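Enquirer: Pasting in a structure now, in structure tokens, and then I'll have a few things to ask.
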Amino acid sequence: MLSIPERIAFLVLVLVCAALAFQGFSRIVRFVRQGRSAARGDRLLARFVRAAVDVALQKPVLKARPVVSLFHAFIFFGFSFYLLVNVNDLLEAFAPGWTTIGRGGVLGAFNLFSDLFSVLVLVGMVALLLRRFGQKPKVLTFNPLVKLHPGVTAGGVKRDSLVVGVFILLHVGSRWVGTSLHLAGRGAGDPFLPTASLLRPVFAGLSTESLETGVHVCWWLAMGLIVLFLPYFPRSKHLHLMVAPVNLALGRTAPGKERKRGVLDAVADVRSPGAKKLAELAWPQLLDAYACIMCNRCQEVCPAHTSGTPLSPAALEINKRYHLNSGGTDAELLDVATTADAVWSCTTCYACVEICPVGNEPMMDLVDLRRGLIFAGEAPDELAEVLRSLDEKGNSFNE
């Protein structure tokens, strides 16, 4: 389908954007590796199989917000199937005579799934964009006292959501319209492409040349946008597509109370417990920042945030992500991620960890920060008095 110059231009674009994206991914790996060690390498095959099943069934997402989770499932399943769709589109562009349109059997079933999933993705994405920018739910905002990275206060999260949303709409929409243009050029619909066939009459009056031009434009919009998106991908919330399954697989595996006890009891180095800098967090806690989808579910169930304190587990992860993207791991956590008041507001109830759809553990950051502050003698006076009472009297009442 593509001319020789178009093929060359596409391959050059792929090489340039892939090189830029590789730099972004390499930077993430370098930052995560700077975190302190953590034992997450046991039973790797079982870990990744379990994570793959959970992600495939959308189990972590369906823990809360059923309606929103349903629209997210539309996008997830459709975008997952689009991996095959994109391979087919490359074959149509580079393999002479290749097409699935007008075929039956397995290829017909492929067309049917691609057609229906296209519509589901478009419906799901429009619904989520209307929710964020039209409905503007309170759960996506923060308490006034919550510390936020300047990039967040400048609208970075909303801008990223809009970029990702428009990218998905253009990518899937262009492919869907391109299929309809193909059908218009054939002069007939296809029972395996029901929704694209419904759109076909809109283009029925166009000339053959116009239809061919439209097909090329739609192909470039659909496939070219993917390639152009690659360098932005490592900095986008869309990165959770790759990092979240890994984060879920490499998470703490002990169930329920044992897992929480493990979080509270884990001390990497008794000579220097806790963390004050980003690099002093365990590497899975740095990976959390890149897995975060910025959905604020953790904040929604946080009793400290609900009561009006400066604590937001969501802001903690988002701030980490934004600082890592613009700085490094040497920064003080209380300078870039959260505040001392927020640290001591945490009730360690574990709700944020239990609800997170990507396996993040913001509570662990707060526990590490507390350890670091106590080790440095920077605990609040009230807590210091309690700890002294526990040490000297065996109870917190100084009796």
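The values are calculated or read from the model by the stated rules, or taken from the named source; none is laboratory data. Bear in mind the structure is a predicted one, so any value in this text is a computation, not a measurement. Backbone-built Cβ (ideal geometry, glycine too); neighbour counts: all protein chains shown.
Enquirer: For Phe74, state whether it is within 20 Å of the chain's Cα centre (by Cα) and either assigned by TED's automatic domain parsing to the domain that holds Cys352 or buried (at least 18 other Cβ atoms within 10 Å of the Cβ) (or both).
Expert: Here the answer is yes, as Phe74 does meet what is asked.
Enquirer: In addition: Between a first residue in the range 23-47 that is among the basic types (Lys, Arg) and a second residue that is in a loop (DSSP other than H, G, I, E, B) and surrounded by 11 or more Cβ atoms within 10 Å (Cβ to Cβ), which pairs have beta carbons less than 6 Å apart while being 6 or more apart in sequence or on different chains?
Expert: Partner pairs satisfying both residue conditions: Arg36/Ala268; Arg40/Leu250.
Enquirer: Can you tell me how many residues within the range 326-362 are in contact (Cβ under 8 Å) with a residue 60 or more places away in the chain, surrounded by 23 or more Cβ atoms within 10 Å (Cβ to Cβ) and aliphatic (A, V, I, L, M)?
Expert: Result for the range 326-362: 3.
Enquirer: Now for a different question. Which condition does Arg103 not pass, out of (1) outside the structural domain of Pro191 (by TED's automatic domain parsing); (2) under 30 Å from Asp190 (Cα atoms); (3) among the charged types (D, E, K, R), if it passes all the others?
Expert: (1)
Enquirer: While we're here: Gly102 versus (1) within 30 Å of Val215 (Cβ to Cβ); (2) at pLDDT below 95; (3) in a helix (DSSP H, G or I): which is the lone unmet condition?
Expert: For Gly102, the failing item is (3).
Enquirer: Something else: Quick check on my filter: what residues within the range 119-176 are of a type in the set (D, E, K, R) and surrounded by 13 or more Cβ atoms within 10 Å (Cβ to Cβ)?
Expert: Once the filter is applied, which keeps residues that are of a type in the set (D, E, K, R) and surrounded by 13 or more Cβ atoms within 10 Å (Cβ to Cβ), the range 119-176 yields Arg131, Arg132, Lys147, Lys158, Asp160, Arg175.
Enquirer: Just give me the residues in the range 297-328 being part of a helix (DSSP H, G or I), farther than 21 Å from Ile28 by Cα and in contact with a Leu (Cβ under 7 Å, 6 or more places away or on another chain), in sequence order.
Expert: Residues satisfying the conditions are Ala304, His305.
Enquirer: While we're looking at this one, here's another question. Please find, among Arg132, Arg159, the residue that is assigned to a helix (DSSP H, G or I) and without any contact (Cβ under 8 Å) to a residue 24 or more places away in the chain.
Expert: The match here is Arg159.
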